[in-house]
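The values are calculated or read from the model by the stated rules, or taken from the named source; none is laboratory data. No experiment lies behind these values; they were computed from the predicted model shown. In this analysis, Cβ positions are derived from the backbone assuming ideal geometry, glycine residues included, and neighbour counts consider all displayed protein chains.
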Amino acid sequence: MSRLGRTINKNRPTVLTGVLVATAIAFGGGPALALTEAEIVNLKGPERQKILVAGARKEGTVVWYSAMIIDQALRPVSNAFQKKYPFIKVTYWRGNSRKILQKVLAEKRANALVADIVEGSGLAKGMLKANAVQPFSSPELAAYPKEYIHPKRLWVTSRFRYLSVAYNTKLVSKSEAPKSYEDLLNPKWKGRMAWRTGASSSGALLMITNWRTAWGDKKTEAFLKKLAKQDVTPVQASNRTVVNRVIEGEYWIAIGASAHHPIISAKKGAPVYSQIMPPVPGLNGTIMVLNGIKHPYAAMLLVDFVLSEEGQNVLRQANYLPAHPKVAPRPEMKIIVPRLVGMEENFITPAILFENRKQTRAMFNKYFK
Amino acid sequence: MTTKPEAIDSLWMPKETAGFWRRARSGFGYSPAVIILAGVLLILIVPPIIFLFQTSFYTTTFAGEFDKFTFGFYTELVTNPRFFNNFVNTTVYAVGSAAFAIALGTAQAWIVERTNTPFRQYMFLVAIISLGIPHVLYTIAWLLIMGKAGPVNDILRAITGAEEAVLNVYSMWGMILIEGVGFAPLAFLLLSSVFRSTDASFEEASMMSGAGISQTFRHITARLAMPGIMALMLLIFIRAFESFEVPALVGLAGGINVLTTDIYESIHMEMPPNYGQSGAFSVVLLLWVVVLLYWYNRLSRHAERFQTITGKGYRPRQMDLGKWRYLTAGLLVLLFLLIIGLPVSIVLWASLQPYYEGVTAGSLGRFTLDNYVEVFKAGSFRDSILNTLILGTATATAVVPFTALCAWLAVRRYKGGWFLDQMATMPLIFPAIVMGVAFLQVFLNMPFALYGTLLSVVIASVVREMPYGMRYSYAGLLQIHTELEEASAVSGAGEVGTFLRIVIPLVAPAMITCWLFLFLIAVRAVSMPILLVGPNSQIVAVTLFDLWENGQVTELAAMGMAWMALMTVVSCLFYIIVRRYRLSLH
């Protein structure tokens, strides 16, 4: 037994070295691509685009995880990118922020990282805490205000998102529709409202964080106590699903819906309206580059594209709210942008979101579990 | 049964008596095939079990690595009132859906096997086709039908004049109803064999003594079938206990948790994932299934004693129902509607809509094929269909020969054969989601990149399906007398030659149906792959689940239609082969 143990120990360094060398070869690329991963994602200068394209051609693929709804935004953006670079196959996977974080951490732990890029509005802090992302630079950053970019360039804002109260216009007339959160306490809505309960960056949990940060815990608790009597249905699915159920008439009102979703459906003729209410919670979607990735060249081309005017215009066309200062939201989106309708906005940064998640969940459990 | 002939034995294992080393070199009398198969089984089955238990005893770091030893997850289970509450939920749900499925299955099996009702022969086809519909799609279809905005509530609203939805499907009865209807085809297939193996002369005697049809059914048919029904009820109870789709899609939305959704939530709803909690839940669920399976084995052994297959030739005779047969035919049509007609219709309807607004007159004018265009375009949908076909093919292709060999060695009583039998049947104690948790930990802790690959899903799926392969092969092999193999051995063929040239051709039809059956089961699974797949290994059933969560109902429906069409081809193939070779469907 002990002899066996010694043999294994003696052999271990050799095995380890072999694995390390293999890993180095795998990640560092062949002799033709002598740049390190960090150098690639921080490339600057006139040759940058040429080097990235040449490298991406060899990689041939890029993988990104995003919380954007597939048919609304994730697929259009991916398709537009692929049209621009037909030699790169884009693989996307949609999950909410928590699932993306879980998936990335599991992949890292299993030495099987698949994703190169992640994007979402509740992701940044967790990714930073897990040390899963790295600083990067892109010529597109010059166009963005300083506060849209992490001080160490670990994330950059890729889009904005506001949350609203969505209602079915066949079941709720515009005149009687709730205009403020207090209106939700009207007994006539009892049993007819729903909200998403799965993630901290939308639905119930985000609304509670919104109220807590704007009103303080005391006022929020008083409000929640009354709201709990309204029997708001918890929905364990995406925010998009909650709005769909409102369109179907399953629920009349959705609290904490992603404000742009009803507008996208209303354009196709669906009976739904998006009503923002002060304080309007606002979040930024951020894009990040993971460390230890397999396709750094293609990844940087994708980051460039998402942040470029061209990529941001795809988001605009999809009725998402672009972050690029030169790309204004579409006219029909104005009703959900607080500064354009003169309403108070409560901006919830990734840090606020992350730091409040436990207390918020505790408060949710106290009144709604 | 005769034991393995000496002739074969001597070809492989000369009788050595001299010395330990010589015996060791010849494998202590074990056939090399037994040793290799046992090795493979140990490698496949032991690590998940070890990791599952380890997971339940260790806390994890933010990144998910094992941290400190603890009993905490178990004490939390025992002290948390929610656990008992959910345990009760699970039991009510499992008993309810098992009873409902058995009631539907019994009625159907009796009508098909014992009466002269028109259309009865098509019910087998209906049951087989329903095997090709992923359970997750089926559940979604029923949610669309019975949801607050679904046609059922629309009709009830119109009748009662109520403003609100009359039925709330996101409730315990909704779960029982959907799961019960979902299991009805399986219950029917299994029960029809129970009815077929009961001697009809008792029924005839009863009829001749002046009892009516219903009296005969209650006092004779049902009584004779009762032990079989009880065993099946327990089996379906176990399956419902382990089921995931209905609890996840219906229960969670209605705030009703069961054990499987507790496991899913502790991994997916918390950040960092509470692997320890999921492990403790899994171990409890696993142990409970072990107890239930023990009962099931006792009960089914008991049930065999009640079977009335005797040496005398008999053929179950069909009862002439007279004009009542139109009523039973109506019942069969109703069952067809419940099992295939309605779910497929609503999915078809949704697949043709730009956005889903229920079944309204207004949506008639909005028909579009856009969703189908999207499904057939290159990209994730096509990838996941291809991945699923690979998964099904690889799983069935690996399991069938492997279990056939294991079963042969066990049936022919090779030394160590019983061990192969036990090991290959063992995965039965793992509920699918528990096996998902166990394999997730195995793949996460691998020194090389396996997590998230299609290969990893195939490996887990192979282990999961081994017991079914074993059961099929065992049944097929038991029917073959050893004479033919002995003749082969006497003519000079070796063990391998005999297996390949005598045994395989004889059991081929059974193997082919086994292959198709395993394929159909592998491609519809959700609860295990949902924990294992990655972006490059998406499979249809999980994609459907994700699309429902993401709210893409119309594309989900189009993909579901495309998939069902494909699977109907496979199911029909299955049906044709079974008929052609007069094989048992069970």
State yes or no: is residue B:390 β-branched (Val, Ile, Thr), farther than 30 Å from residue B:30 by Cα, at pLDDT 85 or above and surrounded by 20 or more Cβ atoms within 10 Å (Cβ to Cβ)?
no
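Quick check on the range B:141-174: of everything there that is among the polar types (S, T, N, Q) and part of a helix (DSSP H, G or I), which residue is farthest from residue A:171 (Cα to Cα)?
Applying the filter and picking the extreme gives B:160.
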Here's a check for you: in the range B:534-553, which residue that is within 7 Å of chain A (Cβ to nearest Cβ) and of a type in the set (Gly, Ala, Ser) is nearest to the chain's Cα centre (by Cα)?
B:534
Of those in the range A:242-267 that are surrounded by fewer than 23 Cβ atoms within 10 Å (Cβ to Cβ) and small (Gly, Ala, Ser), the residue farthest from the other protein chains (Cβ to nearest Cβ) is A:266
Give A:56, A:106 a once-over and let me know the one that is of a type in the set (Gly, Ala, Ser), part of a helix (DSSP H, G or I) and either at the interface with another protein chain (Cβ under 8 Å from one of its Cβ atoms) or farther than 21 Å from residue A:312 by Cβ (or both).
A:106
Could you go through the range B:380-396 and let me know if any residue there is away from every other protein chain (no Cβ under 14 Å), at negative phi, touching a helix residue (DSSP H, G or I) at 6+ places or on another chain (Cβ under 9 Å) and free of Cβ contacts under 8 Å to residues at least 24 places away in the same chain.
no
Name the one entry in A:284, A:186, A:239, A:210 that is under 30 Å from residue A:108 (Cα atoms) and more than 14 Å from chain B (Cβ to nearest Cβ).
A:284
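In the range B:413-456, how many are within 14 Å of chain A (Cβ to nearest Cβ) and aromatic (Phe, Trp, Tyr)?
4
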Return the residue satisfying two criteria in turn: it lies in the range A:109-128 and is in contact (Cβ under 8 Å) with a residue 40 or more places away in the chain and part of a loop (DSSP other than H, G, I, E, B), and of such residues it is farthest from the other protein chains (Cβ to nearest Cβ).
A:121
Go through the residues of the range A:87-102 one by one and say whether even a single one is more than 10 Å from chain B (Cβ to nearest Cβ) and modelled with pLDDT under 95.
yes
When residue B:575 is run through (1) under 30 Å from residue A:242 (Cα atoms); (2) in contact (Cβ under 8 Å) with a residue 40 or more places away in the chain, the failure sits at (1)
Sole exception among (1) within 9 Å of another protein chain (Cβ to nearest Cβ); (2) of a type in the set (A, V, I, L, M, F, W, C); (3) touching a strand residue (DSSP E or B) at 6+ places or on another chain (Cβ under 7 Å) for residue A:81, by number:
(1)
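Can you tell me which of A:177, A:142 is away from chain B (no Cβ under 14 Å), within 30 Å of residue B:255 (Cβ to Cβ) and small (Gly, Ala, Ser)?
A:177
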Would you point out which residue out of B:125, B:131 is away from every other protein chain (no Cβ under 14 Å), more than 22 Å from residue A:236 (Cα to Cα), of a type outside the set (Val, Ile, Thr) and surrounded by 19 or more Cβ atoms within 10 Å (Cβ to Cβ)?
B:131
Condition set over 17 Å from residue B:139 (Cβ atoms) and under 19 Å from the mean Cα position of the chain (by Cα), scope the range B:554-572, selection farthest from the other protein chains (Cβ to nearest Cβ): answer is B:572
Do you know which of the residues in the range B:66-82 that are assigned to a helix (DSSP H, G or I) and touching a residue at least 12 places away in the same chain (Cβ under 8 Å) is surrounded by the fewest Cβ atoms within 10 Å (Cβ to Cβ)?
B:82
Going through the range B:315-363 one residue at a time, which ones are exposed (fewer than 14 other Cβ atoms within 10 Å of the Cβ) and more than 19 Å from residue B:153 (Cβ to Cβ)?
B:315, B:317, B:320, B:322, B:323, B:326, B:327, B:330, B:333, B:334
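Give A:311, A:292, A:282 a once-over and let me know the one that is part of a loop (DSSP other than H, G, I, E, B) and touching a helix residue (DSSP H, G or I) at 6+ places or on another chain (Cβ under 9 Å). Outline the logic, then answer.
On the way: A:311 fails: part of a loop (DSSP other than H, G, I, E, B); A:282 fails: part of a loop (DSSP other than H, G, I, E, B).
Every option except A:292 fails the conditions.
Looking only at the range A:59-97, count every residue that is within 30 Å of residue B:271 (Cα to Cα), in contact (Cβ under 8 Å) with a residue 24 or more places away in the chain and in a helix (DSSP H, G or I) and tell me the total.
6
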Given the criterion of a type in the set (D, E, K, R) and assigned to a loop (DSSP other than H, G, I, E, B), identify the matching residue among A:250, A:182, A:221.
A:250
Return a yes/no flag: does the range B:331-354 have any residue that is touching a Ser or Thr at 6+ places or on another chain (Cβ under 9 Å), at pLDDT below 90 and on the phi < 0 side of the Ramachandran plot.
yes
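Could you list, in sequence order, the residues of the range B:401-415 that are crowded, with 19+ Cβ neighbours inside 10 Å and assigned to a loop (DSSP other than H, G, I, E, B)? Explain how you work it out, then say what you get.
Looking only at the range B:401-415, we keep the residues that are crowded, with 19+ Cβ neighbours inside 10 Å, and these are B:402-412, B:414.
Within the range B:401-415, B:412, B:414 qualify.
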Across the range A:129-150, what is the number of residues that are hydrophobic (A, V, I, L, M, F, W, C) and touching a residue at least 40 places away in the same chain (Cβ under 8 Å)?
5
Only one of these is among the aliphatic types (A, V, I, L, M), surrounded by fewer than 19 Cβ atoms within 10 Å (Cβ to Cβ) and within 14 Å of another protein chain (Cβ to nearest Cβ): A:228, A:270. Name it.
A:228
On the given criteria, is residue B:483 surrounded by fewer than 18 Cβ atoms within 10 Å (Cβ to Cβ) and away from chain A (no Cβ under 14 Å)?
yes
Is it true that some residue in the range A:153-173 is in contact with a strand residue (DSSP E or B) (Cβ under 9 Å, 6 or more places away or on another chain), crowded, with 17+ Cβ neighbours inside 10 Å, free of Cβ contacts under 8 Å to residues at least 12 places away in the same chain and among the hydrophobic types (A, V, I, L, M, F, W, C)?
no
Which one of these does residue B:560 not meet: (1) farther than 20 Å from residue B:268 by Cα; (2) surrounded by fewer than 23 Cβ atoms within 10 Å (Cβ to Cβ); (3) at pLDDT 85 or above?
(2)
What is the residue count in the range B:237-271 for residues that are surrounded by fewer than 22 Cβ atoms within 10 Å (Cβ to Cβ) and of a type in the set (S, T, N, Q)?
2
